[in-house]
């Protein structure tokens with residue numbers, strides 16, 4: 001059942017989280033899309049019949065009790081028409097990223113091999129947001145948004161409301177605005193942070209439903225979840241699918257492991273001393289008992305008037321899994337990525353929309369782990385266009401890739417011998 005619960009929340013993630021927490025879309029088209037949607041004249045206070053009254057207060061009380069955290073101030077509710085969500089999403093993206101940053105991120109994902117060249121990330125995002133979402137919490141205001149016409153009397157809607165109310169609790173007690181959810185140069189950190197936040201809320205709503213739902217209606221609830229429209233999600237590139245699901249699926253597993261080990265106290269401790277890598281999310285036992293933060297990798301920037309840096313980021317263990325899986329298979333991808341100890345990549349571009357060049361340095365727990373990654377990555381290299389060079393020195397592996405031979409002369413000095 002968990003899988004269907006996760007999918008019901010994907011649009012919230014796209015709009016304000018990872019893809020969300022980053023809002024990665026193709027910036028040159030934002031203004032065109034913004035003009036297509038109706039003006040947003042502001043939101044209005046939610047009518048009492050929507051999320052206030054006895055239902056709302058009872059859901060707030062039960063959520064607070066289950067999570068073991070207090071509401072320090074009343075939750076602010078806003079209601080909007082569903083058609084306004086598109087504009088809110090686009091405006092939020094424009095506030096965080098310039099057009100050039102968004103274009104550079106799009107090309108960088110393609111250069112490293114995570115999405116097909118020419119993928120229209122804006123189109124993917126705007127198609128995903130159309131799939132069902134009942135509510136979302138926005139820390140910047142802060143406010144909990146719902147949509148006109150939504151009923152909050154069913155067990156499923158109360159469960160979804162408890163998820164968003166958990167975000168309000170997180171925000172009031174730990175200040176989500178201070179979390180690195182929107183960091184631009186470390187996707188691994190942002191995704192791990194999102195997994196903590198969403199995993200906690202997904203665990204809570206699962207517990208809420210289990211303890212408060214009417215057993216005689218559970219079959220109908222399951223039928224409703226099975227009927228959700230996830231067509232757009234399934235048509236998106238596999239990496240985007242995995243990245244969208246990660247905060248809910250692996251995040252829930254991480255939160256569950258912490259809760260089983262130490263209850264809400266363990267969850268609270270994780271919010272005070274947050275995970276900083278997807279590796280820590282994937283291996284909660286290490287986070288709990290043998291925490292080792294990843295090694296920071298610094299790359300020297302190539303100095304060239306012809307080549308401009310357009311991408312500077314971190315993949316992490318989960319990102320490397322996604323990169324290796326299509327070529328090496330799931331089992332080998334997991335095994336080859338688990339020795340990760342840090343990475344960073346730079347993507348360069350010669351002329352706007354010209355050839356790209358990739359420099360990617362990974363560090364591993366030991367030389368054997370580095371060799372295992374190198375062997376798995378060579379399967380990826382066989383399918384890549386252009387020239388690709390892999391150099392290993394001890395526990396460090398450097399990957400360079402470009403369709404322009406001149407790029408390798410510029411990057412030779414960056415390779416450890």
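The values are calculated or read from the model by the stated rules, or taken from the named source; none is laboratory data. Computed from a predicted model, the values in this text were never measured in an experiment. With ideal geometry, Cβ positions are generated from the backbone for all residues, glycine too; neighbour counts draw on all protein chains shown.
Only one of the listed residues (248, 239) is in contact (Cβ under 8 Å) with a residue 40 or more places away in the chain, crowded, with 22+ Cβ neighbours inside 10 Å and not assigned by TED's automatic domain parsing to the domain that holds residue 335. That residue is 248.
The residues of the stretch 293-307 that are touching a residue at least 24 places away in the same chain (Cβ under 8 Å) and either part of a helix (DSSP H, G or I) or in contact with a helix residue (DSSP H, G or I) (Cβ under 9 Å, 6 or more places away or on another chain) (or both), listed by number, are 294, 299, 300, 302, 304, 306, 307.
Inspection of the stretch 338-351 finds a residue satisfying the criterion of being over 28 Å from the mean Cα position of the chain (by Cα) and at pLDDT below 95.
Checked against the criterion of being under 23 Å from residue 246 (Cα atoms) and either surrounded by fewer than 18 Cβ atoms within 10 Å (Cβ to Cβ) or at pLDDT below 90 (or both), the stretch 189-205 contains not a single residue that satisfies it.
Looking across the stretch 362-372, just one residue is over 10 Å from residue 392 (Cα atoms) and crowded, with 22+ Cβ neighbours inside 10 Å, and that is 364. Just wondering, is there one or more residues in the stretch 144-163 that are touching a residue at least 60 places away in the same chain (Cβ under 8 Å) and under 30 Å from residue 315 (Cβ atoms)? Within the stretch 144-163, one or more residues are touching a residue at least 60 places away in the same chain (Cβ under 8 Å) and under 30 Å from residue 315 (Cβ atoms). Within the stretch 131-170, can you find the residues that are assigned to a loop (DSSP other than H, G, I, E, B) and either out of contact with any helix residue (DSSP H, G or I) (no Cβ under 8 Å at 6 or more places or on another chain) or at pLDDT below 90 (or both)? Those that are assigned to a loop (DSSP other than H, G, I, E, B) and either out of contact with any helix residue (DSSP H, G or I) (no Cβ under 8 Å at 6 or more places or on another chain) or at pLDDT below 90 (or both): 131, 132, 133, 134, 141, 148, 149, 150, 151, 152, 153, 154. Of all residues assigned to the stretch 270-289, none qualifies as being assigned to a loop (DSSP other than H, G, I, E, B), surrounded by fewer than 16 Cβ atoms within 10 Å (Cβ to Cβ), outside the structural domain of residue 197 (by TED's automatic domain parsing) and without any contact (Cβ under 8 Å) to a residue 24 or more places away in the chain. Looking only at the stretch 395-415, decide whether some residue is on the phi > 0 side of the Ramachandran plot and surrounded by fewer than 19 Cβ atoms within 10 Å (Cβ to Cβ). So far as the stretch 395-415 goes, no, none of its residues is on the phi > 0 side of the Ramachandran plot and surrounded by fewer than 19 Cβ atoms within 10 Å (Cβ to Cβ).
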